[in-house]
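This report concerns only the one structure given below.
The values are calculated or read from the model by the stated rules, or taken from the named source; none is laboratory data. Here the structure is a predicted model, which is why all the values come from computation and not from measurement. A quick note on method: Cβ atoms are made from the backbone with ideal geometry, for glycine too, and the neighbour counts reach across all protein chains shown.
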Amino acid sequence: MLADRLGRSKSWVDKVERGVRALDRYAVIQEVAEVLRVDPLVLLGERRTTPSTGAGRLDGVDGIRAALARYDVPHPTGSVAETGRHVGHAWLTYQHARYDQVIRLLPRLLHAAQGVRSAEPELLVQAYRIASSVLVKLGEADLGWLAADRAVAAAGGDRVLAGAATISAAQALRALGYDRLALVAALAAAHRIASAPPPGPETSPAGPAATAVHGTLLLQAALAAAGCGDAHRAGELTGRAAEVAARVAADDPHRTGFGPVTVELAEVVAAVELGDARAAVVRHEQVVRRDAWRLLPAEYRAAYLVDAARAYLRVGDPGGAGRVLVDADGVAPAEVRCRPVARTVLAEVASARPAPAGVARLATLVGLSR
């Protein structure tokens with residue numbers, strides 16, 4: 001009866017039952033599960049549980065939207081030191097890709113940071129940047145751009161702080177498809193930092209924080225140039241960023257993660273955007289062997305691996321794309337299961353013939369179906 005309902009031979013069913021033939025295609029797993037009237041997870045040997053990171057759209061975005069819609073100046077709800085600790089905790093939570101927790105933290109965090117703005121505007125800039133970053137991740141790029149724009153405004157005349165905020169603005173603009181606007185914004189902010197007066201009795205030294213922000217702005221500009229199809233400018237900008245990375249120090253208060261390895265990662269992503277997927281795959285397989293690669297935050301590594309999966313797909317290697325996506329899920333599950341961009345890539349890999357078994361399992365966990 002099972003063979004008849006599946007439209008397959010009794011021999012095929014017998015081999016599957018005995019383990020001689022593997023159910024290694026996502027579409028077939030879904031088909032068999034439907035006929036048997038069981039959850040696909042049963043066929044994959046998984047318990048019926050909800051992943052701790054969740055899948056699909058995360059609740060709580062409306063709370064962030066309401067917090068961004070407030071225009072009053074609240075009374076302080078905590079000290080500058082206490083608010084600073086909360087901001088630091090939110091950054092770490094974001095870098096560990098615990099996006100559901102970040103979303104829950106943000107409304108109160110934004111309120112608290114607004115309350116201490118006059119005493120420490122940097123905390124409000126950082127809170128807006130965290131909000132922008134997680135909103136862009138979750139496909140709310142319009143709202144992410146608003147948060148980033150607020151961050152730039154809150155930074156005032158501080159060139160480095162405004163530059164850090166512009167990193168978030170450029171990311172949001174790129175996510176919206178406005179690569180040329182992102183290119184102009186990132187280059188203008190990078191120029192302001194680079195043209196700052198040299199340290200003297202009446203000026204504070206630029207320091208390593210400015211160097212990291214400057215280099216990250218150059219990378220954002222390079223990726224925007226790649227999005228515009230300008231390979232020459234993208235290469236020129238990553239080259240300039242590599243020169244900056246050669247003198248960057250460990251101090252990174254603006255959470256850029258900038259360094260030589262991030263320049264190499266940006267070169268891979270730029271190659272994908274420019275359509276040179278084969279070069280992207282070669283560079284990717286080299287850069288992930290670097291010791292510095294493993295020191296990057298989980299969020300950064302997993303987001304990059306999603307881009308690397310796109311490269312494998314474009315060279316006609318869904319198996320390679322699948323391995324990279326499964327690796328990304330192991331590093332930061334929410335990056336694959338909650339980001340619309342990542343889910344789109346996962347669906348494309350899962351539709352391959354045959355889909356890798358690990359991808360079939362992952363696609364089932366996140367609720368994708370064909």
Inspect all residues belonging to the stretch 181-197 and state whether any of them is crowded, with 24+ Cβ neighbours inside 10 Å and not small (Gly, Ala, Ser).
yes
Just give me the residues in the stretch 278-337 being under 19 Å from Gln101 (Cα atoms), among the aromatic types (Phe, Trp, Tyr) and either surrounded by 23 or more Cβ atoms within 10 Å (Cβ to Cβ) or in contact with a His (Cβ under 7 Å, 6 or more places away or on another chain) (or both), in sequence order.
none
Taking the condition of being touching an Asp or Glu at 6+ places or on another chain (Cβ under 6 Å) and outside any loop (DSSP other than H, G, I, E, B), how many residues in the stretch 343-361 meet it?
1
Kindly evaluate Arg233 against the criterion of being at pLDDT below 95, over 22 Å from Trp91 (Cβ atoms) and either buried (at least 22 other Cβ atoms within 10 Å of the Cβ) or basic (Lys, Arg) (or both).
no
From the list Leu295, Leu265, which residue is of a type outside the set (S, T, N, Q) and either modelled with pLDDT of 95 or more or within 26 Å of Leu365 (Cα to Cα) (or both)?
Leu265
For Leu325, only one of the following conditions fails: (1) at pLDDT 90 or above; (2) within 25 Å of Glu140 (Cα to Cα); (3) over 20 Å from the mean Cα position of the chain (by Cα). What is its number?
(3)
Please indicate, with yes or no, whether at least one residue in the stretch 304-317 is part of a helix (DSSP H, G or I), without any contact (Cβ under 8 Å) to a residue 40 or more places away in the chain and more than 28 Å from Leu138 (Cβ to Cβ).
no
